[in-house]
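Only one structure is covered here, and it is reproduced in the block below.
The values are calculated or read from the model by the stated rules, or taken from the named source; none is laboratory data. Since this is a predicted model, take the numbers as computed values, not measurements. Note: ideal-geometry Cβ built from the backbone for every residue, glycine included; neighbour counts use all protein chains shown.
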């Protein structure tokens, strides 16, 4: 790596670090501790899911309860979500375990991007994959969708 490339790399790291620190300071200042998300899906399979999350560590880690309506399942899950609040854009990953009201265990993983339109309201784009058993076979259902997010 030549000197010029190295300096550009260091500059990018410093700018990214400054952005994360500013986001962390802003997260400390905000009073909201809960977030409600409602997502509709038309990609992969038709469905919808709703989640209610509680922030555990600033705006970086949250625990959430979510319920989904999928054509052949009705899963209730507890998830852990990790996110990186960068100004108005918040990428995140999530995963959790639960059960279905139709009588089987469920696991889900996913991720997405939240875009804050105001300090409390935003839109989100998300992918989630639910894995569960129906009778004797394992089934994976992907949900790709968008929705709204509200902090309170």
Q. In the range 47-69, what residues are touching a strand residue (DSSP E or B) at 6+ places or on another chain (Cβ under 7 Å) and assigned to a loop (DSSP other than H, G, I, E, B)?
A. 59, 60
Q) Looking at residue 140, is it without any contact (Cβ under 8 Å) to a residue 24 or more places away in the chain, farther than 14 Å from residue 41 by Cα and touching a strand residue (DSSP E or B) at 6+ places or on another chain (Cβ under 6 Å)? A) yes
Q) Does at least one position in the range 125-132 carry a residue that is assigned to a strand (DSSP E or B), assigned by TED's automatic domain parsing to the domain that holds residue 53 and modelled with pLDDT under 90? A) yes
Q) With (1) under 23 Å from residue 138 (Cβ atoms); (2) modelled with pLDDT of 85 or more; (3) surrounded by 14 or more Cβ atoms within 10 Å (Cβ to Cβ) as the list, and residue 47 as the residue in question, which single condition is left unmet? A) (2)
Q | Which numbered condition residue 118 misses (of (1) modelled with pLDDT of 85 or more; (2) assigned to a loop (DSSP other than H, G, I, E, B); (3) touching a strand residue (DSSP E or B) at 6+ places or on another chain (Cβ under 7 Å)) | A | (3)
(Q) I'm told residue 80 meets every condition in (1) more than 18 Å from residue 149 (Cβ to Cβ); (2) at pLDDT 90 or above except one. Can you identify the failing condition by its number? (A) (1)
Q.
Taking the criterion of being touching a residue at least 60 places away in the same chain (Cβ under 8 Å), assigned by TED's automatic domain parsing to the domain that holds residue 142 and under 12 Å from residue 98 (Cβ atoms), would at least one residue in the range 42-58 satisfy it?
A. yes
Q.
Condition first: outside any strand (DSSP E or B) and either touching a residue at least 40 places away in the same chain (Cβ under 8 Å) or not assigned by TED's automatic domain parsing to the domain that holds residue 132 (or both). Now tell me which residues in the range 72-96 satisfy that.
A. 72, 84, 85, 87
Q | Test: residue 112 is at pLDDT below 90, surrounded by 14 or more Cβ atoms within 10 Å (Cβ to Cβ) and under 24 Å from residue 142 (Cα atoms) | A | no
